[in-house]
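Input: a single structure, listed below in structure tokens.
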Amino acid sequence: MMLLGHLLLLFGSFSFALGAFVGINIGTDLSTLPSPEQVVAILRSHRITHVRLFDADNHLLSALSDTEIEVMVSVTNEEVLRIGQSPSAAAFWINKNVAAFVPATNITAIAVGSEVLSTIPNAAPVLVPAMKNLHKALVAASLNYPVKVSTPMSMDIIPKPFPPSTATFNSSWNSTVSEILNFLRTTNSFFMLNAYPYYGYVQTNGIFPIEYALFQPLTPVKQIVDPNTLFHYDSMFDAMVDATYNSISAYNNLVIPIVVTETGWPGAGGANERDATVENAETFNNNLIKRVLNNSGPPSQPTVPINTYIYELFNEDNKPDPPSEKSYGVYFSNGSSVYTFSMDTLGDNMAKNASGGFCVARKGANKSSLQDGLNWACGPGQANCSAVQPGQPCYMPDTVENHASYAYNDYYQRMRSVGGTCDFSGTAVTTMVDPSYGSCIFTGSTNSSIGGMVTPSLGPEGPPGNISPGQVPDIWYLFLGAVVLLLV
């Protein structure tokens with residue numbers, strides 16, 4: 001049994017190194033919200049593998065079935081009180097919003113409330129009971145291993161995040177934070193952190209350079225160094241995560257992996273929000289993706305990747321002021337990008353090296369050139385473009401890039417055997433990743449049913465300790481087999 005314990009510890013540690021992911025938050029406070037099926041089509045078309053919902057919308061959970069997308073559902077702040085006071089209410093919530101959908105919908109985590117300690121401190125006494133009640137309900141449903149429970153915390157509960165080495169949680173929350181950390185440790189869950197360098201930069205009134213907030217290179221005179229550890233911080237994002245690790249460590253030297261459940265940069269703002277611009281949002285999010293997908297942690301925990309969810313999928317125009325609160329979206333409701341933006345960096349790298357498979361539009365290609373390529377493919381190229389016509393399965397998202405991808409691929413599959421190429425004046429690339437999504441099946445796909453898209457073999461994995469069954473590496477089947485032999 002001691003051997004088994006060591007092996008399970010090793011397995012848990014190894015799971016952190018399988019690869020970082022970048023997911024996205026899906027808010028619904030907008031006037032023209034696409035249907036659940038359209039939302040999923042947008043996710044699939046952009047190869048988004050992880051999403052966080054701010055509630056447990058049953059229609060969207062149904063639409064996400066059979067997609068393999070990892071889903072974090074949320075208990076709203078309004079629900080925390082009832083669930084914290086009633087185990088039966090927690091059991092009902094789990095049965096209705098989790099057990100009813102798994103395994104078809106790949107639910108891997110439950111976020112209990114959102115920044116409860118910062119926004120509704122009076123509910124703090126029931127927060128941990130709510131987490132425990134939900135976990136007990138998961139145990140009763142035999143879902144406590146694949147589905148983890150945690151609660152998103154704001155950076156507001158760390159009064160002095162810099163230098164990171166001396167950061168601690170607000171002492172007024174000592175008892176509650178201690179209970180939360182003990183719960184996360186005993187259930188092998190992770191710490192959920194909402195970390196916004198935008199607010200960190202604005203609130204410090206120019207103490208830190210904006211390059212530091214945007215993941216941009218710092219000149220020697222602007223280097224940010226922790227005077228106690230001499231760790232160099234290339235980004236405020238890393239420093240925020242490290243401040244949280246050090247705050248956690250203050251409780252019995254605990255090391256609990258952190259997942260950043262929210263971060264982002266607004267693309268617009270009011271008159272006094274001059275740094276909320278499309279250019280800064282584009283820079284922040286694209287650099288964030290590169291940072292997270294380099295698969296490393298912050299200076300204090302360099303081997304623990306910083307799995308992260310970008311806030312957010314769409315602009316939520318119904319949110320109250322300030323204007324920046326309405327402007328975090330990275331896609332319009334028709335699926336087109338607000339700015340040049342790619343969630344699938346790994347997929348793009350695969351495409352550059354692929355010699356066959358599928359032909360799709362190159363991310364960031366000039367729209368006019370894409371339109372020319374689309375017109376040629378559907379005209380002289382004789383591609384069958386009926387699927388991208390209004391009302392047809394590949395029409396949404398209604399973007400030139402999406403339509404061009406379908407047309408380019410149809411032409412390529414028909415003509416490559418007689419010399420047809422995937423170039424289209426440099427606006428196309430080949431990929432081994434099946435770009436099919438929802439009921440939109442690309443020519444050449446082996447998938448004949450809805451939602452049969454092949455997951456990229458190099459794609460990001462789930463939150464630490466939350467490997468989906470289809471993501472367990474072959475080596476672990478051999479490893480677990482060896483464990484059985486040793487125990488017998």
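Summing Lys, Arg as +1 and Asp, Glu as -1, what charge do residues with Cβ under 13 Å from the Cβ of Thr28 carry, Thr28 excluded?
Working: positive: Arg52, Lys319; negative: Asp29, Asp55, Asp57, Glu312, Glu316, Asp317.
In short, -4.
Taking 0.36 nm per intervening residue step and subtracting the Cα-Cα distance, what contour gain separates His232 from Asn318 on full extension? Numbers along the way, then the final one.
Numbers: separation 86, 0.36 × 86 = 30.96 nm, distance 4.02 nm.
Gain on extension, His232 to Asn318, equals 26.9 nm.
Treat each spin label as a single point 7 Å out from the Cα along the C-beta direction, and report the Asp398 to Asn58 distance in nm.
3.1 nm
So what's the projected area for the range 18-326, the Cα convex hull averaged over all directions, in nm²? Let's see the in-between values first.
Numbers: hull surface 62.8 nm².
The number I arrive at for the range 18-326 is 15.7 nm².
Would you calculate the separation in nanometres between label points at Thr32 and Asp423, each defined as 7 Å from the Cα along the Cα-to-beta-carbon direction?
3.9 nm
Please give the net charge around Glu78, taking every other residue with its beta carbon less than 15 angstrom from that of Glu78, where Lys and Arg add +1 and Asp and Glu add -1. It would help to have the intermediate numbers written out before the result.
Values: positive: Arg82; negative: Asp29, Asp55, Asp57, Glu79, Glu115.
Local net charge: -4.
Over all pairs of distinct alpha carbons, what does the Kirkwood formula give as the hydrodynamic radius of the range 353-431, in Å? Please report the intermediate quantities before stating the final value.
Details: mean 1/r = 0.0818 Å⁻¹.
Across the range 353-431, the inverse of the average 1/r is 12.2 Å.
Pulled fully out, how much extra length does the chain show between Ala271 and Lys222, if you take 0.36 nm times their separation in residues and subtract their Cα-Cα distance?
Once the chain is fully extended between Ala271 and Lys222, it gains 14.8 nm.
Evaluate the relative contact order of the range 34-170 (contact order divided by residue number), counting alpha-carbon pairs under 8 angstrom at least 6 apart; express in whole percent. Before the final figure, lay out the partial values.
On the way: 208 pairs, mean separation 31.2, N = 137.
Reported as a whole number, the value is 23 percent.
According to the square roots a ≥ b ≥ c of the eigenvalues of the Cα gyration tensor, what is the shape class of the range 137-268, taking rounded for a/c under 1.5, prolate for a/b larger than b/c otherwise, and oblate for the remainder?
Values: a/c = 2.34, a/b = 1.78, b/c = 1.31.
Since a/c reaches 1.5 and a/b is larger than b/c, the shape of the range 137-268 is classed as prolate.
Provide, for the range 18-326, the number of lysine pairs with alpha carbons under 23 Å apart, each pair being eight or more places apart or on different chains.
Details: Lys96/Lys132; Lys96/Lys136; Lys96/Lys148; Lys132/Lys148; Lys136/Lys148; Lys160/Lys222; Lys222/Lys290.
Step by step, the pairs that qualify in the range 18-326 add up to 7.
Can you give the relative contact order of the range 353-431 as a percent, counting alpha carbon pairs under 8 Å and 6+ residues apart?
On the way: 115 pairs, mean separation 38.3, N = 79.
Dividing the mean separation by the residue count of the range 353-431 yields 48 percent.
Bear in mind that the values in this text are calculations on the coordinates, not laboratory data. Since this is a predicted model, take the numbers as computed values, not measurements. Note that each Cβ is placed from the backbone with ideal geometry, even for glycine, and that neighbours are counted across all protein chains shown.
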